[in-house]
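**Q** One structure, pasted below without further comment.
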Amino acid sequence: MTSLIRATAAGGALLAATALLAAGPAQAAPAATRGGDYLFLTVTKGDSRSSDTRGTLLLCDPPQGHTHAAEACAELDTVGGDITRIAPPKDAMCPMLYAPVTAQARGEWNGRPIEYRETFSNSCVMAARTGPVFALDG
């Protein structure tokens, strides 16, 4: 009976080892799930009924997502991911034209969730207040 128990235990161990080998090598998790900084950015032109929305996923290690990703990541790094703390340039001059744009960001920065949404009177004001973060047009 002891030999039967040993044979069953050895067979079970062999079966488990075979299952692990058949599963193949472990795959690394995508960068966004490993704790990197990322934001899903959208810019909507017009009022809330508008369908003119552009969006991208901004990743910062390495910077990618739009043509100004490196600058956007550097700016966000300076303010700890808090878009409301981006300092507008002193020499920004925008027309007093009402053509609303809504900027929205959702994601994670330094391990904490980011939720941002603001409507600006026009795209010039948005660019002056958010720097390269929402520069999705290139």
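Since every read-out is calculated from the coordinates, none of them should be taken as a lab result. Because the structure is a prediction, the values reported are computed rather than measured. Here Cβ is always computed from backbone atoms with ideal geometry, including for glycine, and neighbour counts include all displayed protein chains.
**Q** Add +1 for every Lys or Arg and -1 for every Asp or Glu among the other residues with Cβ under 13 Å from the Cβ of Gln64, and state the total.
**A** On the way: positive: none; negative: Asp37, Asp61, Glu71.
Its environment carries a net charge of -3.
**Q** While we're looking at this one, here's another question. Taking amide hydrogens as modeled 1.01 Å from N in the peptide plane, which residues meet the under 5 Å criterion relative to Cys60, leaving out close sequence neighbours?
**A** Under 5 Å from the amide H of Cys60 lie the amide H atoms of Asp37, each far enough along the sequence or on another chain.
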